[in-house]
Amino acid sequence: MKKLLSVVLALMLLASMAVMANAEGGKVYYLNFKPEADTAWKDLAAAYTAETGVEVTVVTAASGTYSETLTAEMDKGANAPTLFQCGTQSGVETWNDYMLPLDDTDLFGELTTEDFNLRNADGATVAVGYCYEAFGIITNKELLEKAGYTTADITNFETLKAVADDIHARAGELGFDAFTSAGLDGSSSWRFSGHLANMPLFYEFRDDGVTAQPATITGAYLDCYKNIWDLYITDSAQDTATLASATGDQAEAEFGEGKAVFYQNGTWEFANLTGTFGMDPANLVMIPIYCGAEGEEEAGLCAGTENCWAVNSQASAEDQQATLDFLKWVVTSEEGTTMMAEQFGPIPFKNAKPTANVFFNDANELLAAGKYVVTWAFNYTPNVDTWRAGVVDALTQYSAGGDWENVVNAFVQGWAVQYNNQ
């Protein structure tokens, strides 16, 4: 009996030592946001544990249930997530008491831009954007070169217009035009009432220091919006009278079939252009949307994200440090950067791996060159669908010969009305 008791006590002592060792070293619990990346995260966690001995647990919330799952898991005290997702400013307001300031961490030091991060009311970075999407003007380099130009010739709106005007003037001899159709059918109009509308909103909000949804806007940069819209509908083979019914598929096909040099869209188009239309990735590049704003020569692509990491400030100091160490490994190691490139495309970190999607690589190259990110100001739009519908109606009227003032009213007065309705 004494021998048995000795064995039991020894085992209890070993277990206690193991727990103490784990507490000293810390552990990681990541509540993952994306079900499609569940296996990849769990495999990466296992690799990190095998390399370091640090326990990393990955739990993935079911699609569409992240907020509810996070709320439930955060009630688990010492067993709550040490790493979680917070993708919006309203999320910061909700979870600020659980968000560790990250400005002085090694993870923060690996970033190539702070533009995708979220800050609290004190200005501290409490969530780090780890991937993003981007949109701009997709360009067929081969056709551009046939017209006698390269992307190096396009550095602002003035040079974009000069190149596009020349291509449009010679469309008959070249066999292609400058821009694809700027269709205002519902399948296409979001590119202009949402993404293109981001240009005047971004510059206005940047100037005014806007960090939350404003009740009103001034439309200070709507001349820039007019600049680029006029270029789209003038330097194209599409008759402006038929824009109301021109579709997104039509514009995509015009570009994919080599009928136009320029096509406003995003990183998500890469698969269709290279797959469905068989375009050579080497002939594709995405350039910024230039609209005539002062200093836009230093602009990068329009990029944004709702994918941000936050570290639980209520976790133990050991678990916080273990989580920060894990994140640094994710964005610097061969295993981590490979998984991130495969699952998320570009990541805004110094050791980011190139992806097969050249548009993401274009975005990263512009970031590395020090260009500023044109962030997604359209995320602040009140009653977004209704506001955009008013802008589309006004653009349709203007493109058919109407007054530009209708577009201005749809933007400015429409914003105030929808903010109040909201």
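The values are calculated or read from the model by the stated rules, or taken from the named source; none is laboratory data. The shown structure was predicted, so the numbers you read here are calculated from the model rather than taken from an experiment. Cβ atoms come from the backbone with ideal geometry, glycine included; neighbour counts cover every protein chain shown.
Structural remarks
- Of the residues making up region 151-185, those that are exposed (fewer than 14 other Cβ atoms within 10 Å of the Cβ) and more than 19 Å from GLU296 (Cβ to Cβ) are ALA169, GLY172, GLU173, GLY175.
- Of all residues in region 198-223 being of a type outside the set (S, T, N, Q) and under 16 Å from the mean Cα position of the chain (by Cα), the one that is surrounded by the fewest Cβ atoms within 10 Å (Cβ to Cβ): PHE202
- Residues in region 36-74 that are at pLDDT 95 or above, among the charged types (D, E, K, R) and farther than 20 Å from PHE344 by Cβ: GLU51, GLU55, GLU73.
- With a requirement of 2 or more residues that are over 30 Å from ILE217 (Cα atoms) and touching a Ser or Thr at 6+ places or on another chain (Cβ under 7 Å), the helices (runs of 4 or more DSSP H) lying completely within region 315-394 that satisfy it span 317-332, 358-368.
Okay, residues lined up against (1) out of contact with any Ser or Thr (no Cβ under 9 Å at 6 or more places or on another chain); (2) under 30 Å from ALA282 (Cβ atoms); (3) modelled with pLDDT of 95 or more:
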{"residue": "ASP103", "(1), (2), (3)": "no, no, yes"}
{"residue": "GLY109", "(1), (2), (3)": "yes, no, yes"}
{"residue": "THR113", "(1), (2), (3)": "yes, yes, no"}
{"residue": "ASN120", "(1), (2), (3)": "yes, no, no"}
{"residue": "TYR132", "(1), (2), (3)": "no, yes, no"}
{"residue": "LYS141", "(1), (2), (3)": "no, yes, yes"}
{"residue": "GLY175", "(1), (2), (3)": "yes, yes, yes"}
{"residue": "ALA182", "(1), (2), (3)": "no, yes, yes"}
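- Any hit, region 297-305, residues being under 30 Å from THR94 (Cβ atoms), in contact (Cβ under 8 Å) with a residue 24 or more places away in the chain and not in a strand (DSSP E or B): yes
- The condition of being on the phi < 0 side of the Ramachandran plot and not assigned by TED's automatic domain parsing to the domain that holds LEU284 holds for only one of ALA394, ALA389, ALA356, that being ALA356.
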